[in-house]
Amino acid sequence: MSKKKRITVAKGDGIGPEIMDATLRILDAAGASFEPVFVEIGEQVYLKGHSAGIEPSAWDVLRDTKVFLKAPITTPQGGGFKSLNVTVRTTLGLFANVRPCVSLYPYVDTKHSKLDLVIVRENEEDLYTGIEHKQTADTVQCLKLVSRPGSEKIIRYAFEYAKAYGRKKVTAMVKDNIMKQTDGLFHEVFKSIAKEYPEIESTSEIIDIGAAHLAERPQVYDVVVTLNLYGDIISDIVAQIAGSVGMAGSANIGEIVSMFEAIHGSAPDIAGKNIANPSGLLNAAIMLLVHIGQPDIAAKIQNAWLLTIEEGLHTADIFKAGVSRIKLGTKEFADAIIGNLGHLPEKFKPISFGKAKEIHIPEYKRSVMKKDLVGTDVFLDWSPGSPEELGKKLSTLSGDLKLRMITNRGVKVYPQGQPETFLTDHWRCRFVSQNTPDTEMGDGFTPIQPNQIANLLLRIAEAGLDCIQIENLYNFDGKRSFSLGQGE
Ligand code: NAD
């Protein structure tokens, strides 16, 4: 007899234990060959003082089993706790968050009878790196990091996924009309990789109108690839309009370890009431079974689930009088699925899964770029005062550099600011070479030396000004690689 596959299992918080018990019972009854290795995550672990929300010993279990079935956890809001989900995804390099959403019309109430799309969400970067600082009494900042290898990996994964699963179109959603550097890089990489897949249609949309289109006409989308935060938001929207946020599962794919979870959270409002829908976690477990080479068991469960749905046996979140027949609790819904194991749906097309498709992402090749230092942005905590006062003070300190402008929250306030602009205590002061013309907006910023910046900072400190951060300005391959201030 072949050895059972060990998988790491965490029951999580809130509705986690209820939906995990239901899911494991269904897997057992279907004959899935697996041995759960339970680890503790979530609130109890945070309370024991592990700020990442996971027992330290769990990392070895994860490394050993390489597969993780995880129920949702409650992430404390604010405070010193880090999100366990983000920690696991980034620590183990789970770069692709794959979230298929499908509507089960007419058996689950939805406005969208033809919704069948997959959101491929970048999982390691963007605002989720959690690098945040309070810099002044009035201002905090969160660093949005987007890298070329990170973007290449996820975008290539989306195209390879489309190819492997017969999807016809990949849409990128970005906001590069505003974030020209970060979202701009993601979009540029998308356009360049799309050229390698001429058989797959590629389009891109600005995320705000894209999210509106997704909610209004999801049937025009097939695979959507996007940055971490946008992907988090739009996958909840799409799951909800498909019927319920409680229905969709997701796979977090890494090169070595992969994690499978529902897309929803721990739903503390309905915890312990036996009313949660276990379908999201069950669909994640089905993806897991395909991943570990048990596609027939995965299909057996999915078909029994579809039959249960079309029989109108529904949990409260998808129950609708006139559409549903019987409202079931979490346990009873799982029993109904178990009772249907071995039967095929009559109205929906029965599912069969082949072997999990191997998606190989080639190693990233870093290109050498020419990098020229052309200036620096010095951020000051300074109050109160007028931009003119600060501008005059800094001009006397600029030495062999030139104060080009001052912005407050990104808006130019010196020279020639507007009196209506709201001022905080957070100032960005841009210094460039004296040889850079004031009218230069493009790639013609003139190079400077690092010690010019060091000397400038010394003068600023000696003048008693509070420098909270510097960001140097570079041209890469002769191209300006920093944004201009609003109104610069
Ligand atoms: P949530 O997804 O837990 O709940 C949103 C709404 O959907 C609630 O009304 C809830 O009752 C309902 N809902 C969610 N899952 C359901 C299900 N299976 N069946 C029926 N109804 C369901 O989102 P939230 O309330 O914003 O977050 C609660 C907690 O979950 C927070 O601490 C959050 O940080 C955490 N969270 C965890 C994960 C995760 O572990 N992967 C993901 C998202 C949120």
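Each reported figure results from applying straightforward, stated rules to the coordinates on display, with no laboratory input. This one's a predicted model, so the numbers in the text were calculated from it and none came from an experiment. All Cβ positions, glycine included, derive from the backbone under ideal geometry; neighbour counts span all protein chains shown.
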Part-to-part distance (alpha-carbon centres) for the range 313-327 and the range 9-43, which is given in Å
25
What's the percent breakdown of Cα-Cα distances in the range 1-141 across 10 Å bins, shortest bin first?
10, 29, 34, 20, 7, 1, 0
Crossing angle, helix 16-30 versus the chain [Cα axis fit, 0-90 degrees, rounded to tens]:
50
Could you tell me what percent of the DSSP beta bridges with both partners in the chain are antiparallel, to the nearest 5?
60
Order these peptides, 376-386, 11-21, by their mean beta-carbon neighbour count within 10 angstrom, highest first.
11-21, 376-386
Spherically averaged projected area of the range 149-274 from its Cα convex hull (nm²)
9.4
Among Arg25, Arg156, Arg121, what is the fewest-to-most ranking by other Cβ atoms within 10 Å?
Arg25, Arg156, Arg121
Percent of Cα pairs exceeding the 23 Å cut-off, where the set is the range 367-480:
28
Near Val220, within a Cβ-to-Cβ distance under 12 Å, what is the net charge of the other residues, with Lys and Arg +1 and Asp and Glu -1?
-1
Can you give the FRET efficiency to the nearest 0.05 for Ser367 and Ala463, using r as the Cβ-Cβ distance and R₀ = 30 Å?
0.15
The range 357-488: relative contact order in percent, alpha carbon pairs under 8 Å with at least 6 residues between:
38
For the chain, find the longest principal axis of its Cα atoms and tell me its angle to the long axis of helix 228-242, 0 to 90°, nearest 10.
40
Can you pull the one-decimal nm distance between simple spin-label points at Thr129 and Glu358, each 7 Å off the Cα toward Cβ?
3.3
Rh (Kirkwood; distinct C-alpha pairs) - the chain, Å:
25.1
In whole angstrom, the spacing between the Cα centers of the range 74-108 and the range 420-442 equals 39
Just report the Cα centroid separation between the range 175-217 and the range 367-384, whole Å.
28
Square roots of five times the C-alpha gyration tensor eigenvalues of the range 200-295, ordered largest first and given in whole Å, equal 25, 20, 12
Ranked from highest to lowest mean number of other Cβ atoms within 10 Å per residue, what is the order of the peptides 407-415, 391-399?
407-415, 391-399
Any idea what the relative contact order of the chain is, in percent, if you count C-alpha pairs under 8 Å spaced at least 6 apart?
15
